[in-house]
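First the structure, in the form of C-alpha cells, and then the observations on it.
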Amino acid sequence: MATINLGAIKFNWKGAYNSSTSYAVDDVVSSGGNSYVCIQAHSNQAVGNATAYWNIMSSAGTNGTNGTDVGTTLTTQGDILYRDGSGLQRLPKGTANQVLKMNSGATAPEYGNLSSDFVKLASVNSNDVSASTYTFDNCFTEATYQSYQLHLNITFSNQNHPHMRFLDSSGSVLSGSNDYKRCGYQGYRAYTDNSSSTLGAWNDGVGTNAFHMSGWNINNNSQPHSIICDFVIPKPTESSLYKSVHTRAGGYSSGNWFFGSGATHQYTGSSAVRGFNIFNPAGNITKLYATLYGLKK
C-alpha cells in the first residue's frame, strides 16, 4: 500500500514573489497586496490572474469604502477624519481653546472660537492684596459690549465702605467732588437675636467723588462683603444717558449680618471711561475675589 505524507498536503508559504526562485505546485506567494498559488512547477513566470502557472488566492481590499488610504490622509497628531461630498477628508486639529463646530453652510466640521454673549473679561483671586486700591483697566469696549457685571468678595483692614471710581480714556482716575451722583440706598440688617431692621437711605442727588459700592461698612474680619455690580456705559456723546452702577451687597459687620443692601450711582461727567478701580479710602483691601463679565450688544 502506498504511503501518504499528510504533512505535504498543505499550501507552502514562500513569501514575496521572486523571479529567480523555482516554485512547485501549491507554493504560495504574495505580490502587490494579493496572494497567489502555484498550479504548475516553474521558475521566472510572473504572477497574475488565471495564468498557466498561478491562480490568485486573495485580493487586497480597499482602505475605507472608497479606496482612501487613511494612513496617508491623517498625517498629524490630533487630525480627525470626516466625509465630504466626494470622500474621506482630513480636518487638521484646531488651536488651543478652540471648539469643534459645524461650518456656516452646515456641510462639514471646523474648529473655531466659542461664541458667547456673556464673556469673562478679567478676574483676580487673592487673599493677600495688601493695597488700598485694585484697578481694572482697559476693560470697557463700547463697540462690543452694552453693559457689564462685576462679582466680588472683598475684605478690608478696617471698617469702611468699599468705594469705586471710573478711569478716563488715558487711565486717570475721575474723582471730581461732584462727578458721581448718589441716587439711593436701601437694605436690611439681621441681628444676632434673630430680629431685623431696615437700614437707612441716602438722599437722592448728593454729589460725591466716588461710588459707595455698599450702604454698610465692611468690618475688618474674615467675613467679606459679597457684591454684584451692574454697569451701564453709554457712549460719551450720548449726554442724555448717564454712566451708572447699581450694586447689590450682603455681608457681616459688628456682629450682625446685613443683606439686600443696594446702592445706585451715576457718573455725571462727559468723559469716556475705559476702566475702574476699587479702593479703601482709609486702609487696605486685604482679600479680593472678583470677576468682571461683559454683555455683548
Straight-line reach from Lys296: which lysines have Cα under 28 Å away, leaving out those fewer than 8 places along the same chain? Lys101, Lys120, Lys181, Lys235, Lys243
Gyration tensor on Cα atoms of the stretch 9-58, a ≥ b ≥ c root eigenvalues, a/c under 1.5 rounded, else prolate if a/b beats b/c, else oblate, says rounded
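Here, each number is a calculation from the coordinates, and none is a lab measurement. A quick note: this is a predicted structure, and the numbers were derived from the prediction, not measured.
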